[in-house]
Amino acid sequence: GATLGMLGGGQLGRMFTTAAQTMGYKVIVLDPDKNSPAGIIADQHICAAYTDESALAELAQLCSAITTEFENIPASTLAFLEQRTVVHPSSTALASTQNRNVEKNFIRAQGIATVPFVKINCSDDIDNLGSQISFPAILKVATFGYDGKGQIVCEDLSAVYAAFDAMGQKECVLEQRIDLEREISVVLARGQDGQITPFPVAENVHINGILHSTTVPSIAAESLQQTAIEMASKIAEGLAYVGTMAVEFFVSKQGDIIANEIAPRPHNSGHYTLDACRTSQFEQQVRMLCGLPAGNAELISPVVMINLLGDVWGNSQPHWNKLLTQPDIKLHLYGKKEARAGRKMGHFNVLAAETSQAMELASQTFEAIKAD
Ligand code: ATP
Ligand code: MG
Ligand code: MG
């Protein structure tokens, strides 16, 4: 079979690699870390910086198509590869999602609501805020933030000045903090022919800005779920996106649906598809990259996904036996050597005939596996 390239060696790249290898492809991972989760299982691992042109040229020469698992690959890296081989998503699609201000302006240009926000580039921008944002607000660094890192809640204007200093006066976005009714996300696949195949809407719970659990089906109203799918599809079309991507949404207490951010890659809230859908988000990523038709995205079973962060490890090994002896629980570990607080080490999916049963077993099990 053909050889596929993956920029980035994290867990998303690892699950792509597994899916591609299962389907008969070879995978070459490019990542600067020699112990990266994807690099250690790939057919070949090119250990180099994302800006290393000789390494990129080698990757392009060896691969019939290249994709990414990480939105912070420099867009110039994808542009370089696009001159030499097939690359999806495109450098321009990626560029629209790398900076929170650019991303929110792009979302609004599609006619989709975002939270009220103001770009903060210098302290003058804070002087001139006026009444554009009401408090509490959140100052977020514009680039490279993930898992809630690079975010400071601000209760008043003076806190915004302090937070901007704490961010090293790097470009930020100041967002109004919304009273959330719920958070949902749409993971979808879009093909080279423009055909869109959405997965069922995921309902997400975040703790300290990090995804904790995903439940499917969502209990959000059916019409709201339909709207979210339409909005995510519009964004995918606006990006001329090819591959698997996700859009995170807030649902406000007033019932408004607001786009939070775009992930130009498979998404943590789509990990439930590994066990609960006929096709996983990673198989879909392979299919889109290779110009194959999308797989059937239908839900097979209600499911709850729980993230396993480094915190769970404590001083000893977590009680994996409590997961592995459960017939309806599927454990996925990412092969990371070092457990750190807040670091995503793995996840598990709980399947049950009813969503409420899956939720109950998931929370019981999560409590039980925490290390002593
Ligand atoms: P990810 O790992 O999803 O990329 P991130 O660091 O980009 O995370 P966000 O998605 O911006 O962070 O925020 C993380 C979480 O913090 C959100 O899912 C939500 O729970 C909360 N949050 C962020 N912004 C707001 C807001 N404006 N109003 C209310 N809650 C918010
Ligand atoms: Mg993000
Ligand atoms: Mg997010």
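The values are calculated or read from the model by the stated rules, or taken from the named source; none is laboratory data. If you're wondering where the values come from, they're calculated on a predicted model, not measured in any experiment. Backbone-built Cβ (ideal geometry, glycine too); neighbour counts: all protein chains shown.
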Within region 203-229, count every residue that is in contact with a strand residue (DSSP E or B) (Cβ under 9 Å, 6 or more places away or on another chain) and closer than 23 Å to Gln110 by Cα.
5
Output for region 144-158, where each listed residue is in contact (Cβ under 8 Å) with a residue 12 or more places away in the chain and within 14 Å of ligand 3 (Cβ to nearest atom):
Phe144, Gly145, Asp147, Gly148, Lys149, Gly150, Gln151
Being over 20 Å from Ala297 (Cα atoms) and within 16 Å of ligand 2 (Cβ to nearest atom) narrows Glu181, Glu171 down to just Glu171
Determine the pairs where a residue that is of a type in the set (A, V, I, L, M, F, W, C), located within region 257-280, has a partner that is assigned to a strand (DSSP E or B) and within 13 Å of ligand 3 (Cβ to nearest atom) with Cβ atoms under 6 Å apart, the partner being 6 or more residues away or on another chain.
Ile257/Phe249; Ile258/Phe250; Ala259/Val247; Ala259/Phe249; Ile262/Val247; Ala263/Ala246
Which numbered condition trips up Ala162, out of (1) without any contact (Cβ under 8 Å) to a residue 12 or more places away in the chain; (2) within 16 Å of ligand 2 (Cβ to nearest atom)?
(2)
Residue within region 148-166 that is modelled with pLDDT under 95, under 24 Å from Ala202 (Cβ atoms) and of a type outside the set (Gly, Ala, Ser) present
yes
Out of the residues in region 247-265 meeting the condition of being more than 12 Å from the chain's Cα centre (by Cα) and among the aliphatic types (A, V, I, L, M), tell me which one is nearest to ligand 1 (Cβ to nearest atom).
Ile258
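A quick yes/no check of all residues on (1) within 16 Å of ligand 3 (Cβ to nearest atom); (2) in a helix (DSSP H, G or I); (3) of a type in the set (Lys, Arg); (4) surrounded by fewer than 16 Cβ atoms within 10 Å (Cβ to Cβ):
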position: Gly13; (1), (2), (3), (4): no, yes, no, no
position: Phe16; (1), (2), (3), (4): no, yes, no, no
position: Ile28; (1), (2), (3), (4): no, no, no, no
position: Tyr50; (1), (2), (3), (4): no, no, no, no
position: Thr67; (1), (2), (3), (4): no, no, no, no
position: Leu81; (1), (2), (3), (4): no, yes, no, no
position: Thr92; (1), (2), (3), (4): no, yes, no, yes
Would you confirm whether or not region 233-250 contains a residue that is modelled with pLDDT under 95 and part of a loop (DSSP other than H, G, I, E, B)?
no
Check on Thr114, closer than 26 Å to Thr215 by Cα, among the polar types (S, T, N, Q), modelled with pLDDT of 95 or more and more than 14 Å from ligand 1 (Cβ to nearest atom)
no
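Looking at region 160-183, which of its residues are in a helix (DSSP H, G or I) and within 12 Å of Leu129 (Cβ to Cβ)? Steps first, answer last, please.
From region 160-183, those in a helix (DSSP H, G or I) are 160-166; that's our starting set.
Answer for region 160-183, where residues must be in a helix (DSSP H, G or I) and within 12 Å of Leu129 (Cβ to Cβ): Val160, Tyr161, Phe164.
For residues that are of a type outside the set (Val, Ile, Thr) and surrounded by 18 or more Cβ atoms within 10 Å (Cβ to Cβ), scanning just region 234-248, find the one that is farthest from Ala297 (Cα to Cα).
Our first condition is that a residue be of a type outside the set (Val, Ile, Thr); within region 234-248, this holds for 234, 236-241, 243, 245-246, 248.
If we keep only those that are surrounded by 18 or more Cβ atoms within 10 Å (Cβ to Cβ) too, we end up with 236, 239, 241, 243, 245-246, 248.
On the way: Ala236: 17, Leu239: 22, Tyr241: 18, Gly243: 14, Met245: 14, Ala246: 14, Glu248: 19 Å.
Filtering region 234-248 for residues that are of a type outside the set (Val, Ile, Thr) and surrounded by 18 or more Cβ atoms within 10 Å (Cβ to Cβ), the one farthest from Ala297 (Cα to Cα) comes out as Leu239.
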Checked Val102, Val115 against criteria (within 16 Å of ligand 2 (Cβ to nearest atom), closer than 28 Å to Asn268 by Cβ and outside any loop (DSSP other than H, G, I, E, B)); the one match is Val102
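Answer yes or no as to whether Ile133 is in a loop (DSSP other than H, G, I, E, B) and either more than 16 Å from ligand 3 (Cβ to nearest atom) or within 30 Å of Asn296 (Cβ to Cβ) (or both).
Yes, satisfied.
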Residue under question is Ile219, and the condition is that it be within 16 Å of ligand 1 (Cβ to nearest atom) and either buried (at least 24 other Cβ atoms within 10 Å of the Cβ) or farther than 13 Å from Ile196 by Cα (or both); does it hold?
no
Being more than 16 Å from ligand 3 (Cβ to nearest atom), under 30 Å from Gly191 (Cβ atoms) and buried (at least 17 other Cβ atoms within 10 Å of the Cβ): is that true of Val251 here?
no
Failed criterion for Asn349 (all others in (1) touching a helix residue (DSSP H, G or I) at 6+ places or on another chain (Cβ under 8 Å); (2) over 20 Å from Ile219 (Cβ atoms) hold)
(2)
Return a yes/no flag: does region 189-209 have any residue that is loosely packed, with under 15 Cβ neighbours inside 10 Å and touching a Leu at 6+ places or on another chain (Cβ under 8 Å).
yes
